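Values in this text are rule-based calculations from the coordinates and carry no lab data. Since we're looking at a predicted model, the values are computed, not measured. FYI the Cβ positions are ideal-geometry reconstructions off the backbone, even for glycines, and counts take in every protein chain you see.
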Amino acid sequence: MGFLEKIKSVLPVSSRSFHAYERELSQKLDSLEVMMRVLGDRLAAFEEGEREISKRVEQSYWDITGNIDYKFEKLTLPTLQKIEGTLDAHDAFVSAHLWDQYRNEDETEEEARLRFFKSIPPAKGALRAHQTASAQLLREFDALCRDNGLRYWIEFGTLLGAVRHGGFVPWDDDLDVGMVRPDLERLRKVAQRDDRYRITEVFDAAVHCRQIRFRYADEGKPFFIDLFVYDFVPSNSKTLLKAYGEIRLAMVEAMRGDSRLDAWHAATFAQVEESPDINAAFEEGNHALRSLGFGCNEEEARGLAWGIENMDGGAAYPWSLFPINDVFPLRRLHFEGVECFVPNNPEGMLTRVYGDYLLFPKDIRTHYKHVSLEDE
């Protein structure tokens, strides 16, 4: 039964002429159908217009960006590269000439450069006082580690200062130390039993790392040593380095997409003991690395790898993975009068991080300050 027949069946025949009502309703339905077709045509025209506008906007975007890219790649970039090459050549010429003039007859150019860096005056005032107190902390840290059979080595700016200056780089203000994971875990227990010292650990969202520092227990002494963790690995191959970089990147992307960590990203720092979700995220990354042999037995190790909970390393950084014999066996070297441990190949380690570390330094005025010296 059709729609109109259903209506007709429920209406009294005597109430009105159903045929007249049927004609009226049919006319209205026809009018409605015409209106629907008109609206449909207009909607189709609108959608076609919208597609055409979008197409034109997209084309304009690519025309503009393509033109910019073309001008940069074909015009600006070659010019910049030419300028860079000219400046590099000029710097190389001036550098070679100056070092030749500076060098004594009985010394090599490397010896002359080291003599130059060691002749740079040390820091003064509050920075020098901070450096001296930090060196004392390093002296005590060295004694604590030797007393407990713990291995460590100074690295980065601290190693650079030891080799190039015999102490602190004059504009530096922090200490950097590397440790393999088993020794760092033991150091935590040693520090817990010693009321002179403490180890602070916070999660830093700016670089997605676990910031670990060795300090005095007295909070009135703001001096610290940055501790960086390394893992034993079965090789130092490029394949393993690439896999490390991919896992680190995936871990950071997962952290950024995890709503449970939004408060951490907003605040930047979070206490380790109060942040099980952040810790779990790092543990997932470490678990993935362990499946590749990270954290293997020392007897099986052929390399050392930058721990995944350090600041971003990945495949972009040449210190992320390197031969184990670049570090072990450790050597002793003086830093600010403190005899401390350095890698077995300090020059190779510095070259890996800084390239030619005996070039005239570019960070004299731009070095990042790790502490405020106003209240010290």
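Counting other Cβ atoms within 10 Å of each Cβ, which trypsin sites (Lys or Arg not before Pro) in the range 178-218 have at most 14 and sit in a DSSP loop?
Filter output for the range 178-218: Arg196.
Here is the list for the range 162-250: GluC sites (Glu not before Pro) lying in DSSP coil, each with at most 14 other C-beta atoms within 10 angstrom of its C-beta, are Glu219. Pop the C-beta distance of Arg302 and Glu185 into the FRET formula with R0 = 22 Å and round what comes out to the nearest 0.05. With R0 = 22 Å, the Cβ-Cβ based efficiency is 0.50. Taking amide H atoms as placed 1.01 Å from N in the peptide plane, the amide H of Ser235 lies under 5 Å from those of Arg302, Gly303, each 5 or more residues away in sequence or on another chain. Near Arg213, once Lys and Arg are set to +1 and Asp and Glu to -1 for all other residues with Cβ below 10 Å from its Cβ, the sum equals -1. Full extension of the chain between Asp218 and Val272 yields a length gain of 17.4 nm, computed as 0.36 nm times the residue separation minus the alpha carbon distance.
Taking the average, over residues, of other Cβ atoms within 10 Å as the packing measure, peptides 236-242, 349-355 rank 349-355, 236-242 from highest down.
Using C-alpha pairs under 8 Å with a sequence gap of at least 6, the mean separation divided by the residue count of the range 117-253 gives a relative contact order of 22 percent.
Shape class for the range 132-221, computed from the alpha carbon gyration tensor (a ≥ b ≥ c): rounded, with a/c under 1.5.
With R₀ set to 45 Å, the beta-carbon distance separating His287 from Ala96 gives a calculated FRET efficiency near 0.30.
Which FRET efficiency, nearest 0.05, do Thr79 and Ala280 yield, Cβ-Cβ r, R0 41 Å? Show your work: numbers first, answer last.
Numbers: r = 50 Å, r/R0 = 1.23.
Calculated value: 0.25.
Simple spin-label estimate for Asn148 and Asp258 gives 2.8 nm between the two label positions (7 Å along the Cα-to-Cβ direction from each Cα). Multiplying the residue separation of Lys242 and Thr108 by 0.36 nm and removing their Cα-Cα distance gives an extension gain of 44.4 nm.
Kindly identify the range 102-158 as rounded, prolate or oblate by the Cα gyration tensor criterion: order the square roots of the eigenvalues as a ≥ b ≥ c, call it rounded if a/c is under 1.5, otherwise compare a/b with b/c, prolate if a/b is larger, else oblate.
oblate
Sorting 273-281, 173-181 by their mean Cβ neighbour count within 10 Å, with the most densely packed peptide first, gives 173-181, 273-281. Here the extension length gained between Tyr317 and Glu347 equals 9.1 nm, from 0.36 nm per residue of separation less the Cα-Cα distance.
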